[in-house]
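Structure first, then comments.
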There are 2 protein chains.
Amino acid sequence: MSRSGADLALLLLGGYRKLIDATVLELAARGFDDVRPVHEFAMRAVDSGADNASELGRRMSISKQAAAKTIATLLERGYVTRGADPVDGRRKRIEVTPLGFEVMRQGEAILNDLRTEWELQLGRKELALLEAQLTILVGDSPVRIEAPGWVAQDLG
Amino acid sequence: MSRSGADLALLLLGGYRKLIDATVLELAARGFDDVRPVHEFAMRAVDSGADNASELGRRMSISKQAAAKTIATLLERGYVTRGADPVDGRRKRIEVTPLGFEVMRQGEAILNDLRTEWELQLGRKELALLEAQLTILVGDSPVRIEAPGWVAQDLG
DNA sequence: TTCCTATCGACAACTTAGTTGTCTAATTAT
DNA sequence: ATAATTAGACAACTAAGTTGTCGATAGGAA
């Protein structure tokens, strides 16, 4: 009996947490102390076309009401702006601000740095293999960056 | 440029979610439809000595008030019982009930089955290597089963 | 064109899982 | 003996979701 399934689950979660916690911490150290992972994901989705609350909700697999709340937070903090949609009077079109893009850029950079650290610890080929194997297990589609609604969902 | 750090984080999270979601679902199918991962972790901690709210809070890295709430839920659902501590009048001693142990046992079994499935997909040696590498990256101590308070914490 | 239906965003009330702060009672240390 | 610490209860709050309802806009079919 090598390891248990529970251990494996905790290892995976531990890896994720290690990356994300370090990223959030580093972002805070760089002055972005009010950004949470879900905000990054949301901005990414907005940037890639989910520019209204309903669509954002769909992409993130959360209700449009929850998406509207996230947008409200991002608005408050200056990471997105909102304007009328020129073609659809019902919609309010969201756009990522330069500040928002800056957070996205830095978050990405920090994560890439962390990945490079892991590459040094494990070896370049080895990490690539680990990623390839995880991709086999997890599949490619469930990890599309536009739909990580379950990121913050009932993990308890 | 192989993969990005963000992809890696999502792969790890995806792996965890895949295991845990399937486990919660299967537990529900077996009649335990009110158990959440955090309950399993809490019961495990109680069983391994964290038999009062304050200690449970410490082990799970949450406040004693939060731990007390978790205990209240577990009490309601019959997974633990509470009695007076014979040596310390301040404490209320918690114990896992047979029903609680049954959930723990089945949860463990389900996770082990899922891990076996992964073994078939990846190969026995390969999965063992993956686990070994994750252990290098994550470390052994942060994955102790008694302290996954961060399981349900600010993942958003 | 008018009407039916679907969608958008807003508002309200609720849930879950955490937080801090305050309080009393019991234990422990000086 | 007294002071400090600890356990647990209670209250109020936060964060990120949920469902349900609603008025306004859009769009397809009669």
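Quick notes
- Which of B:GLN106, B:VAL96, B:TYR16, positive extreme of dipole for chain B (C-beta unit charges): B:VAL96
- With the simple spin-label model, which puts each label point 7 Å out from Cα in the Cβ direction, the A:GLU126 to B:ILE136 separation comes to 0.1 nm.
- Shown for B:LEU134, B:LEU127: other C-beta atoms within 10 Å of each C-beta, ranked fewest to most, produce the order B:LEU127, B:LEU134.
- Across the copies of the chain, A:THR73 has label points (7 Å from Cα along Cα→Cβ) spaced 1.9 nm apart, shortest distance listed first.
- Cα-centred dipole magnitude for the stretch B:86-138, charges only on beta-carbon of K, R (+1) and D, E (-1), debye, nearest 20: 380
- In the protein assembly as shown, taking the dipole from charged Cβ atoms about the Cα centre, the farthest positive-side position among B:PRO37, B:LEU120, A:GLY139 is held by B:PRO37.
- Taking other C-beta atoms within 10 Å as the exposure proxy, A:PHE101, B:PHE32, A:PHE41 rank A:PHE101, B:PHE32, A:PHE41 from fewest upward.
- The orientation-averaged projection of the convex hull spanning the C-alpha atoms of the protein assembly as shown amounts to 18.5 square nanometres.
- Within chain B, the selection of entire DSSP H helices by a Cα span of 24 Å or greater along the long axis and an average Kyte-Doolittle value of at least -1.0 returns B:5-29, B:98-122.
- Remark: the protein assembly as shown carries a charge dipole of roughly 560 debye about the Cα centre, counting +1 on each Lys and Arg Cβ and -1 on each Asp and Glu Cβ.
- Label-point distances for A:GLU102 to the equivalent site in the other copies, using a point 7 angstrom along Cα→C-beta, read 5.8 nm when ranked shortest first.
- By the rule of a C-alpha distance below 19 Å, with chain neighbours fewer than 8 residues away ignored, the lysines paired with A:LYS92 are A:LYS64, A:LYS69.
- Nm distances between copies for A:GLY31, ranked from closest, using label points 7 Å along Cα→Cβ: 6.0
- Partners for B:LYS18 among lysines (Cα-Cα distance below 19 Å; same-chain residues under 8 apart left out): A:LYS18
- The mean count of C-beta atoms from other chains within 10 Å of the C-beta of residues in B:127-133, rounded to a whole number, is 6.
- Net length gained if the chain between B:ALA22 and B:LYS64 were fully extended (0.36 nm per residue, minus Cα distance): 12.1 nm
- Annotation for the stretch B:2-31 versus the stretch B:40-98: alpha-carbon center distance of 27 Å.
- Viscosity 1.306 mPa s, temperature 10 °C, Stokes-Einstein D of the stretch A:1-113 from Kirkwood C-alpha radius, µm²/s: 103
- Taken about its Cα centre, the stretch B:1-129 carries a charge dipole of about 460 debye when Lys and Arg each add +1 at the Cβ and Asp and Glu each add -1 at the Cβ.
Any read-out appearing in this document is the output of simple, stated calculations on the displayed coordinates, not a laboratory observation. Everything numeric in this text was worked out from a predicted model, so none of it was measured. When we count neighbours, we look across all protein chains shown, and the Cβ atoms used for this are built from the backbone with ideal geometry, even at glycine.
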